[in-house]
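The values are calculated or read from the model by the stated rules, or taken from the named source; none is laboratory data. A quick note: this is a predicted structure, and the numbers were derived from the prediction, not measured. Neighbour counts are summed over all protein chains in view; Cβ atoms, including those assigned to glycine, are modelled from backbone coordinates with ideal geometry. For the accessible areas, the whole protein counts, side chains as well, though only heavy atoms, and no ligand, DNA or RNA atoms are used. Shrake-Rupley method; radii C 1.70, N 1.55, O 1.52, S 1.80 Å.
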Amino acid sequence: MPYDDKDKWDFATRAVRAGHKRSPEGEQSEPIFTTSSFVFDTAEQAAARFAGDDPGNIYSRFTNPTVRTFEERLATLEEGQRCVATGSGMAAIFSTCLATLKAGDHIVSSQSIFGTITVLFNNYLTRFGIETTFVPLTDFDAWKNAIRDNTRLLFLETPSNPLLEVADISALAELAHANKSILVVDNTICTPVLQRPLTLGADVSINSTTKYIDGQGRSIGGAIIGSEALVGNEVFGVIRTCGPAMSPFNAWIAAKGLETLSLRLQAHSASAQFLALWLEQHELVKKVYYTGLASHPQHDLANRQQHGLHGGLLSFELKGSSGQSPDQEKERAWQFCNATEMVSITANLGDTKTILTHPASTTHGRVDPEVRAAAGISDGLLRIAVGLEAVTDIQGDLERGFNAISK
Ligand SMILES: *Cc1c(COP(=O)(O)O)cnc(C)c1O
């Protein structure tokens, strides 16, 4: 079936079928092309390929059929013209910066982004004369006031992790474009099932495929989606020259992951909603952070922006006895974690297996305690990346945690 039919298909169909050009062998499932280079029929054809006159494959750092299958599939789901895959989510973000910025440029970024991206902006891009100003995700005036003459890129992740704050992508896209800047959205937490940033005006959408797109915690990968001019030319140029390409095997995992992504996210979302409602009523819980709750301050915006789905990530704060110090709060949160028997204590997300994380001592452990407290990440905060086990078993396991701290 020609890939050109993709525009006639519904999202679910494109997720299953787009991007696979069946080979003469007639395979039903997408093959993995584990080859470094590609053979030419003649010396003339080799010359034409290298000159760019013949669009076929040359070398897998540039293009590879399995990687292309994944890229075309994700591009249509994100509603972008082009997708370029990378070896990790961080490689996707770094390659986007390298393709769009130069010395003397300035970034305005949400302060609530994946921690390693903060390190990239502060410790590495600064060496090349690129500065970043960090602003609170939901404070539109702060974004506006942070923009300078040399601002070229606005960067955010929505909803944020672990507090699930939501930014209005359309409003920030408008702000970026009024100031000669591009808007880059890290769409890892939502995936195109919940949110399509390009349709809301963003210029680039980025996914770490390590999370929900793989969906089973097996591989590392990333992807950048946007226009032909920006992603197809500028970003692809960086990838083929600098080399952070995705391996064919990981592209195969990610492409197959896209086939079940929609069903999985519906199930992750349903279980997370159930647990959020239960936790909100729990006597040992002070506060629940989940965009699916009517009590969430940006519930309506999230509903609109995320197609009525709220994903698998939620956080909650344990109710402390009055006068508890941060260290005592931490002890209690650890006691909760250690009493569980099924959920995994790790820091990933987007896995079939439920993950329990204590952000203050892990993902946000290197953040200055005062900055962390100001951002709302207390020592009593726990994050759950809700998996696909029976929700009653997840609930029962968390109940072990509550039992341990109620003694
Ligand atoms: C994990 C993650 C990244 C980085 O992706 P890697 O594949 O680990 O390099 C970036 N953004 C978000 C939101 C993430 O969760």
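Observations on the model:
- Using 0.36 nm per residue and subtracting the Cα-Cα separation, the extra length available between PHE50 and ASN338 on full extension is 97.9 nm.
- Each eigenvalue of the Cα gyration tensor of region 232-339, multiplied by 5 and square-rooted, gives one semi-axis; in descending order these are 37, 21, 15 Å.
- A straight line joining the Cα centroids of region 174-238 and region 6-70 runs 22 Å.
- The chain - share of DSSP beta bridges that are antiparallel (%, nearest 5): 55 percent
- Surface share of carbon and sulfur [accessible, 1.4 angstrom probe, percent] for region 57-210: 49 percent
- Value in Å of the Kirkwood radius, where the chain supplies the Cα pairs that are averaged: 22.2 Å
- Per-residue packing, averaged as other Cβ atoms within 10 Å, sorts the ranges 112-123, 366-377 into the order 112-123, 366-377, beginning with the highest.
- In this calculation the C-beta distance from ASP149 to LYS8 is compared with R0 = 45 Å, giving a FRET efficiency of 0.50.
- Protection proxy ranking of 341-351, 49-59 - average other beta-carbon atoms within 10 Å, highest first: 341-351, 49-59
- Heavy-atom surface of the chain, accessible at 1.4 Å and reported per residue (Å²): 44 Å²
- Mean residue ellipticity at 222 nm, helices only, the chain: -11500 deg cm²/dmol; runs of at least 4 DSSP H residues each add -39,500 (n - 2.57), and the sum is divided by the number of residues.
- Where only C-alpha atoms are counted, convex hull volume of region 261-406 per residue in Å³: 112 Å³
- Value of relative contact order over the chain, rounded to a whole percent, pairs C-alpha under 8 Å and six or more apart: 16 percent
- Kirkwood Rh and Cα Rg combined as Rg/Rh, region 180-249: 0.98
- Scoring 147-154, 37-44, 194-201, 382-389 by mean Cβ neighbours within 10 Å over their residues and listing the highest first yields 382-389, 194-201, 147-154, 37-44.
- Equivalent ellipsoid semi-axes, region 84-238, via Cα gyration tensor eigenvalues times 5, rooted, Å: 21, 18, 15
- Within the accessible area of region 261-406 (1.4 Å probe), percent carbon and sulfur: 51 percent
- Local net charge near ASN179, Cβ-Cβ under 15 Å (Lys/Arg +1, Asp/Glu -1): -1
- Angle in degrees between helix 248-281 and the longest Cα principal axis of the chain, rounded to the nearest 10: 20 degrees
- Over all Cα atoms in region 168-315, the spread is summed up by Rg and Dmax: 17.4, 56 Å.
- Given LYS330/LYS353; LYS211/LYS319; LYS211/LYS256; LYS319/LYS353; LYS330/LYS407, the pairs whose alpha carbons are separated by over 18 Å: LYS330/LYS353; LYS211/LYS319; LYS319/LYS353
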